Amino acid sequence: MKRIYLDNAATTEVYPEVLKAMNPFFGKKFGNASEPHLWGQEARKAIDLAREQLAQTLGAKAREIIFTSCATESINLAHKGLIEGLKVQESKGSVPHIITSSIEHKAVLETCKHLEKSKQAEVTYLPVDKFGLVKIVDIERAIKPTTVLISIMYVNNEVGTIEPIREIGQLIKRVNKLRHKKTPIFFHTDATQAIQYLNCKVDKLGVDLLSLTGHKLHAPKGIGALYVRKNAPLIRQQDGGGQEYGLRSGTENVPYIVALGKAIELAIKNQSLATKKIVSLREKLIKGVLEIAGTELTGHPDKRAPHIVSFIIKGVEGEAVVLLLSEKDVAASSGSACASRLLEPTHVLTAMGYSPEKAHGSLRFSLSRKTTEEEIDYAVKVLPAIVKRLRKMAPKGV
Ligand code: PLP
């Protein structure tokens, strides 16, 4: 049996088509896009095309796409850049207020904490329900006259729940209408786990800022992007040569930008077929895992991204299941890749109301459009014996 990779929410394989598109930019087409000569212009054209590919996916203008190194950088630029930009605009002295959820990725939570600690912003971390959903009424109640940014993720990376981004966008629009000439509320979404499978048209969602990363959609690690609506008064967080419309200086990473453009083009081209296939495999996986006694599905029963599925397996440590699955050549995860080294229950499951003991039994599988039925069958076949073995080893009462 070949190795089975079911950890695509952590990172994905770079597809051959993507490698093929980016490779020439390491070789013959190595120019610096800021130079006016042939080499430079070749690189510039390639960047323009990738920017257009991304802009089309988001229903945005090419001018509104800023290439970065990853989603984390995009999120930092969105939050810190906006808070700094508003400070410069307003300079009134009142502390701006941010609303986010308690189940965001650390990239959002730690950025918010930084802004809080440095007294640049006040932050409200909203609770979620047992499915991981943020409630619109909670957002409405949390809005203050000083609220300038609402940042809610589109799809949760651990449980796959889809947040009501469109409804939140509509709420913000209504609130902004009543604000007249006062600073509007800007809306940011971390669309890292959504971009491949869900509609990410920014006008439809009503978002002003949207972050994504290439390595979750079959481009390499080290490339991301931030959508910035024209009126968002962001200030760069990196000074230098003024690349990326002055918002992100540094010589453009042409091969990786090309790769992101190609990966997004392929993802959109294959979206409906891939979604159909992945959902059907995911359902098979859910059915198979739930046949093991003492297992439960986490996240929303139907408002969930196609590719992420997560369970609690009673009486075992998720980390141990992942290690034994790995011995059987299957890759899964017991939480987010970033949190799993800490061996602490993930903040997502505890925010959803799971006790730390229960949350320790979490197991996440995440699929890609290359996942096959045989792979799912194999994972479902080997899992029960692993769970049985671990339960036997567990001290009584766990
Ligand atoms: N946001 C979400 C929802 C993620 O799943 C991840 C990756 O784990 C990130 C942000 C951070 O992405 P990157 O590591 O590319 O910065």
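Looking across Ala194, Ala263, Ala232, Ala267, one residue alone is within 16 Å of the ligand (Cβ to nearest atom), assigned to a loop (DSSP other than H, G, I, E, B), small (Gly, Ala, Ser) and buried (at least 18 other Cβ atoms within 10 Å of the Cβ). It is Ala194.
So, Leu109, is that one of a type in the set (A, V, I, L, M), within 14 Å of the ligand (Cβ to nearest atom), under 29 Å from Ala21 (Cα atoms) and open to solvent by less than 60 Å² (accessible area, probe 1.4 Å) or not? Working first, answer last.
On the way: of a type in the set (A, V, I, L, M): yes; within 14 Å of the ligand (Cβ to nearest atom): yes; under 29 Å from Ala21 (Cα atoms): no; open to solvent by less than 60 Å² (accessible area, probe 1.4 Å): yes.
When the stated conditions are applied, Leu109 does not pass them.
The C-beta contact set for segment 180-202 (first residue without any contact (Cβ under 8 Å) to a residue 60 or more places away in the chain, second residue hydroxyl-bearing (Ser, Thr, Tyr) and not in a strand (DSSP E or B), distance under 6 angstrom, 6+ apart or interchain) comprises Thr189/Tyr154; Ala191/Tyr154.
Taken as a whole, the condition of being crowded, with 20+ Cβ neighbours inside 10 Å, more than 30 Å from Val382 (Cα to Cα) and in contact (Cβ under 8 Å) with a residue 24 or more places away in the chain does not apply to Thr298. Residues of segment 213-229 that are in contact with a Leu (Cβ under 8 Å, 6 or more places away or on another chain) and either near the ligand (Cβ under 9 Å from one of its atoms) or among the hydroxyl-bearing types (Ser, Thr, Tyr) (or both): Gly214, Ile223, Gly224, Tyr227. If you filter segment 344-381 down to residues that are of a type in the set (A, V, I, L, M) and open to solvent by less than 20 Å² (accessible area, probe 1.4 Å), you find that the one that is nearest to Ala305 (Cα to Cα) is Leu367. Criterion applied to Leu390, Leu349 was being among the aliphatic types (A, V, I, L, M), modelled with pLDDT of 95 or more and under 18 Å from Ile103 (Cβ atoms), and the one residue passing it is Leu349.
In segment 136-156, the residue that is surrounded by the most Cβ atoms within 10 Å (Cβ to Cβ) out of those that are part of a loop (DSSP other than H, G, I, E, B) and within 16 Å of the ligand (Cβ to nearest atom) is Asn156. If you check every pair at least six apart or on different chains, which have Cβ atoms under 9 Å apart with a residue in segment 203-224 that is on the phi > 0 side of the Ramachandran plot first and a residue that is within 9 Å of the ligand (Cβ to nearest atom) second? Matching pairs, first to second residue: Gly222/Ser69; Gly222/Cys70; Gly222/Gly214; Gly222/His215.
The values are calculated or read from the model by the stated rules, or taken from the named source; none is laboratory data. Given the structure is predicted, the values throughout are model-derived calculations rather than measurements. Cβ atoms come from the backbone with ideal geometry, glycine included; neighbour counts cover every protein chain shown. For accessibility, only protein heavy atoms count, side chains too; no ligands or nucleic acids. Shrake-Rupley method; radii C 1.70, N 1.55, O 1.52, S 1.80 Å.
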